[in-house]
Each structure stands twice: as structure tokens, then as C-alpha cells.
Amino acid sequence: MRASLALWPLLCAGLSSAALFQYTLDLTTGTAAPDGVTRNVYLVNGQTPGPDIIVDQGDDVSITIMNNLPVEATVHFHGIEQKGSMWSDGVPGITQRMIEPGNFFVANFTATNSGQSWYHAHSKAIYGDGIRGNFYVRASQDELDNGPWSQISSNTADIAAMKAAHQNPKIISVTDWTHWDSEWGLAEWTRTKTELIC
């Protein structure tokens, strides 16, 4: 198995006090019927959407992406700043090569910006086949203490509740869903010269 590795953040991890968060995203095939109609999908760790990833601001993050799909793929960490780790951004042809079937890639970065983001496939249109999930970065204590809470309410109970919700949100995932897979959609786009957006 070949590997594309971005090891520099791991080598530097010992120089910081941040925690190292390690995770594996295993991309596989399967079927799903979220609206009652079964179709072929791509799964992340056996599910779609994939599992939520929750880390703390300042954590060093190392995510191994195992491509056990029949197609090339990458995973983009949407909204996550890639300061000094652009090779882990997951945009094929720009920041990294595609991960070929049977291979893996290790994305290493520091979670510098807090809040809600997401991860998704960034190859062809396969994120619509199920490769996506939530990525949440809990705020540092300094950012939490200096948040906009007093501009919303002066009630200390309200401020405490907002801080608690910010650190432990109830995350939901909403997405478009079709009864056809991305390969069919791309073939129709090519045939009709019309992008199938709705």
C-alpha cells in the first residue's frame, strides 16, 4: 500500500502543549435509504453522513483517510484553516494528489479556528454519494471568555447557557439527497450539457 504522508506537523507536535487528535476515515461502498429508497452510496466508517469529528481549538489533528472505494477520492476539511499545512486541504490537483483505490493519505493540521465546519469528498461529485460529515472545533478558554455573549444578553445565566451550547452543540446535518448516484448524474450532465442542481 502506497502512502502520501504530510509528517511535518507531527514532528513539531512535541514543541507545543496542544493535544494530538488521531482519527481514521475509512471510505467504503454500501447502500443506504435515508428517505426509504435504497441506493448505492459511499460510506465513511460504515455510515453516511460520516461520524462527527470534534476537537479543541489548538489541537494537532492527524486524520488517516483510507480509500477502500473503487474510485479515486480526496477529503476536504471545509472551513478549516490550513496554516502551514496546505497539503492536507484535500483539493485534488491543487494541494494534493488523488488517493487511489487501496491507498491512504494522512492529513495533518492544527485546529486554529473554532466553530462548525464539515468534511467532504472533493473529487467528481461523490460527496453527494455520502462522503461528508461534521467537523466541530470547540473554542479555547480565551476565545470563549472573550466571545460576543454580552452583546446578545446581559443576563449571566443566558451567557453561561450560550457558552455551554457553544462548547457542546447539538449538531445536525442537512443535505440534498437524490435517488441516483454521482456517476449517473455526471453522465447526464455530459449528455444534456445541463448541470443537475435541483
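Below, the figures for the structure above:
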| quantity | calculated |
| --- | --- |
| Qualifying residue in segment 47-64 (condition: at positive phi and at pLDDT 90 or above) | yes |
| Residues (buried (at least 16 other Cβ atoms within 10 Å of the Cβ) and more than 15 Å from GLY133 (Cβ to Cβ)) located in segment 33-63 | ARG39, ASP56, GLN57, GLY58, ASP59, ASP60, SER62 |
| Residue check for SER117: at pLDDT 90 or above and either crowded, with 16+ Cβ neighbours inside 10 Å or not polar (S, T, N, Q) (or both) | yes |
| Qualifying residue in segment 133-141 (condition: touching a Lys or Arg at 6+ places or on another chain (Cβ under 9 Å) and touching a residue at least 12 places away in the same chain (Cβ under 8 Å)) | yes |
| Candidates GLY79, GLY90, GLY84, GLY130, filtered to the one that is more than 17 Å from LEU25 (Cα to Cα) and either open to solvent by less than 30 Å² (accessible area, probe 1.4 Å) or in contact with a Gly (Cβ under 9 Å, 6 or more places away or on another chain) (or both) | GLY79 |
| Any hit, segment 172-192, residues being of a type in the set (Lys, Arg), part of a loop (DSSP other than H, G, I, E, B) and either open to solvent by 60 Å² or more (accessible area, probe 1.4 Å) or on the phi > 0 side of the Ramachandran plot (or both) | no |
| Residue within segment 153-168 that is over 28 Å from PHE109 (Cβ atoms), acidic (Asp, Glu) and either touching a Gly at 6+ places or on another chain (Cβ under 9 Å) or assigned to a helix (DSSP H, G or I) (or both) present | yes |
| Selection from segment 62-90 of residues that are among the aliphatic types (A, V, I, L, M) and over 12 Å from the mean Cα position of the chain (by Cα) | MET66, LEU69, VAL71, ALA73, MET86 |
| Cβ-Cβ under 9 Å pairs, at least 6 apart or on other chains, segment 157-169 side modelled with pLDDT under 90, far side open to solvent by less than 50 Å² (accessible area, probe 1.4 Å) and not aliphatic (A, V, I, L, M) | HIS166/SER114; HIS166/GLY115; HIS166/GLY147; HIS166/TRP149; PRO169/TYR136 |
| Yes/no for SER62 being under 17 Å from PHE21 (Cα atoms) and in contact (Cβ under 8 Å) with a residue 24 or more places away in the chain | yes |
| LYS124 being open to solvent by 60 Å² or more (accessible area, probe 1.4 Å) and either touching a residue at least 40 places away in the same chain (Cβ under 8 Å) or closer than 23 Å to TYR23 by Cβ (or both) | yes |
| Boolean, ASP158 is over 22 Å from GLY93 (Cα atoms), charged (D, E, K, R) and surrounded by 13 or more Cβ atoms within 10 Å (Cβ to Cβ) | yes |
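The values are calculated or read from the model by the stated rules, or taken from the named source; none is laboratory data. Treat the numbers as computed from the prediction; the structure is a model and nothing was measured. Glycine also receives a Cβ, built like all others from the backbone with ideal geometry; neighbour counts cover every protein chain displayed. When the accessible area is computed, the model is the full protein with side chains, heavy atoms only, and any ligands, DNA or RNA have been set aside. Shrake-Rupley method; radii C 1.70, N 1.55, O 1.52, S 1.80 Å.
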